[in-house]
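Since every read-out is calculated from the coordinates, none of them should be taken as a lab result. Note that the coordinates shown come from a computational prediction; the quantities given were computed from them, not determined experimentally. So basically every Cβ, Gly included, is an ideal-geometry build from the backbone, and we count neighbours across all protein chains shown.
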Amino acid sequence: MKAIITMTLTAMLMASVMAEDEGRSEMSNFIGGVYRGEGSFAMTRNVANGSSGSIIRSGNTFFTPEGVCRKVGNTYLSYDGVVVSTGKSFVGYDHFVAKAGNTYVGDYTSVGTGSTILRPSWASR
């Protein structure tokens, strides 16, 4: 009985950790590939705090300082236009971002380091 309870609790813990990683990955993809604001961000699963404000994720909706963005399938509909994710790249009307590991390269470069995304800002130019 003790072994069954231990296995059940372990499975529940692993599921919550995997959900946290998936949420953080989704937030990383949004900030690195879609969001065009400046500054670095410290992230949790549903919130990213940065020097230019906070980004809050609620399901497939992202609330940014500039406006609202909605993910539908592999397409992001935002205040700034439409961006399509192909898994390793993000393509919009006037920009392209390629993802290589934890690095996003395009008009700007973003580097993910666990729960932080480092991006150029006006102060780093």
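Some points to look at:
- Residues (among the hydroxyl-bearing types (S, T, Y) and closer than 16 Å to V97 by Cα) located in region 61-77: T75, Y76
- From the list Y93, Y108, Y104, the one residue that fits, being buried (at least 16 other Cβ atoms within 10 Å of the Cβ) and either closer than 14 Å to G39 by Cβ or touching a strand residue (DSSP E or B) at 6+ places or on another chain (Cβ under 7 Å) (or both), is Y104.
- Output for region 72-108, where each listed residue is of a type in the set (S, T, Y) and out of contact with any Pro (no Cβ under 7 Å at 6 or more places or on another chain): T75, Y76, S78, Y79, S85, T86, S89, Y93, T103, Y104
- The strands (runs of 3 or more DSSP E) located wholly in region 21-125 that include 1 or more residues which are under 13 Å from the mean Cα position of the chain (by Cα) and hydroxyl-bearing (S, T, Y) occupy 53-58, 61-63, 75-78, 81-85, 103-105, 109-112, 116-118.
- Region 97-120: number of residues that are farther than 13 Å from F41 by Cβ and of a type outside the set (A, V, I, L, M, F, W, C): 8
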